[in-house]
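Engineer: Sharing a structure here in structure tokens format.
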Amino acid sequence: MSVQIQDTPGYVKDDEVSQVADMLRCVQSSEGFLLVYSITDYRSFEYIRHLHQHIRKVHSDTKTPIILVANKGDLLHVRQVPSEAGIQLASELGCSFVEISTSENCQDVCDVFQDLCKEISKHQSSSNGEKRRGSIIPRPKSPNMQDLKRRFKQALSPKVKTPSAMA
Ligand SMILES: Nc1nc2c(ncn2[C@@H]2O[C@H](COP(=O)(O)OP(=O)(O)OP(=O)(O)O)[C@@H](O)[C@H]2O)c(=O)[nH]1
């Protein structure tokens, strides 16, 4: 699997038409999403719903992989967004949730990207499976051998014309 990562701007104003168009293009070409906010910035948390709506506009499939990521987990003394709020939002949006600190634990970052890749791969194989199932042409029923034998014998036997058939 090859991975291409696209970082989008933190905030995109709705009246910045070209920025919105750029973001929608990026969303369109993506197969999975990490929605990241900072636990020290309530505005970044609130903005997640907005980003999620943009994704849904483009990917109506509710199974498109999305992970909600709460970042800056090391800055607990200036926390504005409780973990519970993140968990609640993730459940509302139907996605998974993780709280990490990119500056303190780079393994967390690797893990979250790996988890997203796994979800994308699972999603791809399940949607490919659905496509395949939808395109299968039903196989003809296997012939009834007794019936075939009977018809074969009938075809070989000399035809006797009955009087009624002659009339
Ligand atoms: N303490 C701490 N600081 C962090 C963490 N992650 C990022 N930062 C800092 O937060 C600031 C913003 O980080 P960026 O990586 O520019 O964030 P961004 O999401 O790209 O921001 P946008 O440009 O708005 O998209 C930088 O000063 C980072 O060093 C973290 O986990 N802990």
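The values are calculated or read from the model by the stated rules, or taken from the named source; none is laboratory data. Keep in mind it's a predicted model, so treat the numbers as computed, not measured. A quick note on method: Cβ atoms are made from the backbone with ideal geometry, for glycine too, and the neighbour counts reach across all protein chains shown. Side chains are part of the model used for accessible areas, which takes the heavy atoms of the whole protein and leaves out ligands, DNA and RNA. Shrake-Rupley method; radii C 1.70, N 1.55, O 1.52, S 1.80 Å.
Engineer: For residues in the stretch 71-97 being in a loop (DSSP other than H, G, I, E, B) and open to solvent by 80 Å² or more (accessible area, probe 1.4 Å), which is farthest from the ligand (Cβ to nearest atom)?
Structural biologist: Step by step, filter the stretch 71-97, then rank; the result is Gln80.
Engineer: Then there is this: State all residues of the stretch 1-50 that are in a helix (DSSP H, G or I) and farther than 18 Å from Gln80 by Cβ; if no residue qualifies, say none.
Structural biologist: Val17, Ser18, Gln19, Val20, Ala21, Asp22, Met23, Leu24, Arg25, Cys26, Val27, Gln28, listed by residue number.
Engineer: Looking at the stretch 45-67, is at least one residue of a type outside the set (Val, Ile, Thr), within 16 Å of the ligand (Cβ to nearest atom) and open to solvent by 80 Å² or more (accessible area, probe 1.4 Å)? Walk me through how you get there before you give the answer.
Structural biologist: Step one: of the stretch 45-67, the residues of a type outside the set (Val, Ile, Thr) are 45-47, 49-54, 56-57, 59-61, 63, 65.
From the residues that got through so far, the ones that are within 16 Å of the ligand (Cβ to nearest atom) too are 45-47, 50-51, 54.
With the extra rule that they be open to solvent by 80 Å² or more (accessible area, probe 1.4 Å), the set shrinks to 46.
Taking every residue of the stretch 45-67 in turn, at least one turns out to be of a type outside the set (Val, Ile, Thr), within 16 Å of the ligand (Cβ to nearest atom) and open to solvent by 80 Å² or more (accessible area, probe 1.4 Å).
Engineer: Would you confirm whether or not the stretch 139-151 contains a residue that is of a type in the set (A, V, I, L, M, F, W, C), modelled with pLDDT under 85, outside any loop (DSSP other than H, G, I, E, B) and open to solvent by 60 Å² or more (accessible area, probe 1.4 Å)?
Structural biologist: Yes, the stretch 139-151 contains at least one residue that is of a type in the set (A, V, I, L, M, F, W, C), modelled with pLDDT under 85, outside any loop (DSSP other than H, G, I, E, B) and open to solvent by 60 Å² or more (accessible area, probe 1.4 Å).
Engineer: Quick check on Ser103: is it open to solvent by 80 Å² or more (accessible area, probe 1.4 Å), in a loop (DSSP other than H, G, I, E, B) and modelled with pLDDT under 75?
Structural biologist: On the way: open to solvent by 80 Å² or more (accessible area, probe 1.4 Å): yes; in a loop (DSSP other than H, G, I, E, B): yes; modelled with pLDDT under 75: no.
Judged against the criteria, Ser103 is not a match.
Engineer: Given the conditions (1) away from the ligand (no atom under 16 Å from the Cβ); (2) surrounded by 13 or more Cβ atoms within 10 Å (Cβ to Cβ); (3) of a type outside the set (Gly, Ala, Ser), which single one is not true for Val112?
Structural biologist: Only one criterion is unmet by Val112, namely (1).
Engineer: Here is a further query. Six or more apart or on different chains, Cβ under 6 Å: which pairs go from a residue in the stretch 1-28 that's farther than 18 Å from Lys57 by Cα to one that's within 14 Å of the ligand (Cβ to nearest atom)? Could you list them?
Structural biologist: Within 6 Å, the pairs are Gln6/Cys26.
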